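Below is one structure, written out as C-alpha cells; comments come after it.
The values are calculated or read from the model by the stated rules, or taken from the named source; none is laboratory data. On a predicted model such as this, the values are computed, not experimentally measured, just so you know. Note: ideal-geometry Cβ built from the backbone for every residue, glycine included; neighbour counts use all protein chains shown. Quick note on the areas: whole protein, heavy atoms, side chains included, nothing else; ligands and nucleic acids left out. Shrake-Rupley method; radii C 1.70, N 1.55, O 1.52, S 1.80 Å.
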Amino acid sequence: MSVLQGKKVVLGVTGGIAAYKSAALLRALMQAGAIVRVVMTPAAQAFVTTLTFQALSKERVYTELLDTDQEAAMNHIDLARWADLVLVAPASADFMARLAAGMANDLLSTLSLATTATIALAPAMNRQMWLNPATQENARLLRQRGLQLWGPDEGEQACGETGPGRMLEPDVLLAQAESIFASGSLQGKRVLITAGPTREFIDPVRYVGNRSSGKMGYALAASLARLGAEVTLISGPVALTTPDRVLRVDVETALQMEEAVMARASACDIFVGVAAVADYRPTEIAAKKIKKSSETLQLNLRKNPDILALVAALDEAPYTVGFAAETDDVEAFADAKRRAKKVDLIAANRVGGSRGGFEGDENALLLLWEGGREAIPMMAKPVVAERLAERIAERYHIQANLG
Ligand code: C5P
C-alpha cells in the first residue's frame, strides 16, 4: 500500500504546456490512494479544461477566489487547512514569481500563502525563462523558505529548444510525493555517498576518466536524505544541483575522493559507492601542457585505490553498498564483486544496452545481499533511487539488529 493512501493533496495547475501531463499525475496520485482536489489558475485553463480534471477526479475543480459558489463548497482557507500537501505541477515562472513576492491574487497563490502543509513545485518553462536570473533568484528564495522544488528536468522542450525547464514526469513526481510521507527510517543516521566520475590528470589541461552523469548517485543521495539521513555526498565533476538537505563535497581525482571518504568513513553508519572511479591514473602528471609533436603518446598508468573495498575493510566498517556495472552475466559477476570487496549489498546493472546505465535517465537494478535478491525494473532514476534507498534502510536495520 502506498504511503499516499488517504493523504489529502491539493494539485495546483498553472499555465504551461506541461499542464496536460498533470492529468496523468492526478490519476497516478489517485491510484496511490490520495484524495486530490484540483485548483487551476486562469492561465492553466487556456491549456487544459476544468472538465478534464473534473472527470478524472470526480470532484469539482476550484478556479476562483471570489466566486461565492466555489467558496461555499470549500473556501481558500478550508482548502489550505485541508491539505497535507500542496503540489503545483506545472509551476510556471509567473507563479513562482508571485509566490516569491508573497502575492495572493488568485485562489492557488492565496491558499499557498495560507497553508502550513508542505508546498512542492514542479517548475516547467522555456529554458531561458528558467535560467533567467529573476527565476533563479525566485527559486532560491522559495527553497530558502522551505518550499520544495522538484525538477525541472533537462531535455527537449515543447518550444523546440533543449535544456533545463521540462516538468518531471508524473511517475517521478509521484515518487517525490510518496517520499514526503515516507517514515524517517534513517532519522539521525549518517550516510556517506560517492557519485559522478573522477578525472585523472595527464597534464594541467587533460585527463582520463569514466563516463558518468552522476544522476543515479544524486537521486540516491536525495532519497536517503528524505528518509531522514544526514547525507554527505562526495562528488566528482558533474552538472547537477545539490539535492535538498545534502552536504556536498567536490573532488576531482580518485585520490582526492579517497581522502575525502576516508576522513569521514569511520563516523558514518552507511557508505554507498556510486561513483564511477577511474581504475587507473597516470603515474606522473606533466607540469606543463604536453605538446602534440609526436605521432604516438604513451601513458603509464597506476591502479587507483578501491575506495569501496577500503571502507568495507575498516575495523568498524559502516554498512556498505556498492554498484556493479556489468555487460554480461550480471548476477554472477556482481555477486563475485560483492564477496571480493566484502560489501553488504551490491546494486548491479547491465550496461552497454540501449537503455539504462551511465548517462541515461532510466535504470534497472538487481540488488544482491547475503541470502537475498531483488530486481528493480527499468524506471526513471529517481524512482529507482527511492526503491533502493528503502531497501538500503531496511537491510541496514536488519544487519544492525543482528550485529
Ligand atoms: O570494481 P568496480 O569498479 O566494478 O566496482 C564498482 C563499485 O566499486 C562501485 O560501487 C564504485 O563506486 C566502487 N569503486 C570504488 N573505488 C574504485 C573503483 C570502484 O569505490 N577505485
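Looking only at region 7-30, count every residue that is surrounded by fewer than 22 Cβ atoms within 10 Å (Cβ to Cβ), hydrophobic (A, V, I, L, M, F, W, C) and part of a loop (DSSP other than H, G, I, E, B) and tell me the total.
Summing the residues that are surrounded by fewer than 22 Cβ atoms within 10 Å (Cβ to Cβ), hydrophobic (A, V, I, L, M, F, W, C) and part of a loop (DSSP other than H, G, I, E, B) in region 7-30 gives 1.
Among the strands (runs of 3 or more DSSP E) lying completely within region 323-401, list those that include at least 1 residues that are open to solvent by 70 Å² or more (accessible area, probe 1.4 Å).
345-350, 372-380
Taking the criterion of being open to solvent by 50 Å² or more (accessible area, probe 1.4 Å) and either among the acidic types (Asp, Glu) or more than 22 Å from LEU227 (Cα to Cα) (or both), would at least one residue in region 241-251 satisfy it?
Looking through region 241-251, at least one residue is open to solvent by 50 Å² or more (accessible area, probe 1.4 Å) and either among the acidic types (Asp, Glu) or more than 22 Å from LEU227 (Cα to Cα) (or both).
For region 260-300, what are the residues that are within 13 Å of the ligand (Cβ to nearest atom) and either without any contact (Cβ under 8 Å) to a residue 60 or more places away in the chain or farther than 21 Å from VAL191 by Cβ (or both)?
Matches in region 260-300: ALA260, MET262, ALA278, ASP279, TYR280, ARG281.
For VAL208, work out the one condition from (1) in the same structural domain as ILE307 (by TED's automatic domain parsing); (2) touching a strand residue (DSSP E or B) at 6+ places or on another chain (Cβ under 7 Å); (3) under 29 Å from ARG127 (Cβ atoms) it doesn't fulfil.
(3)
For region 157-193, what are the residues that are part of a strand (DSSP E or B) and either open to solvent by 40 Å² or more (accessible area, probe 1.4 Å) or within 30 Å of THR283 (Cβ to Cβ) (or both)?
THR162, ARG166, ARG190, LEU192, ILE193
Sort out which residues of region 82-133 are within 22 Å of GLY6 (Cα to Cα) and either outside the structural domain of TYR62 (by TED's automatic domain parsing) or part of a loop (DSSP other than H, G, I, E, B) (or both), and write them in order of number.
ALA83, ASP84, THR115, THR116, ALA117 - these are the residues of region 82-133 that are within 22 Å of GLY6 (Cα to Cα) and either outside the structural domain of TYR62 (by TED's automatic domain parsing) or part of a loop (DSSP other than H, G, I, E, B) (or both).
Restricting to region 182-233, count the residues that are within 30 Å of LYS291 (Cβ to Cβ) and charged (D, E, K, R).
Total satisfying the criteria: 5.
Could you check GLU154 against (1) in the same structural domain as LEU227 (by TED's automatic domain parsing); (2) within 22 Å of MET379 (Cβ to Cβ); (3) surrounded by fewer than 21 Cβ atoms within 10 Å (Cβ to Cβ) and say which number it fails?
(1)
Within region 301-313, restricting attention to residues that are more than 9 Å from the ligand (Cβ to nearest atom) and outside any loop (DSSP other than H, G, I, E, B), which residue is surrounded by the fewest Cβ atoms within 10 Å (Cβ to Cβ)?
Restricting to residues being more than 9 Å from the ligand (Cβ to nearest atom) and outside any loop (DSSP other than H, G, I, E, B), the top hit is ARG302.
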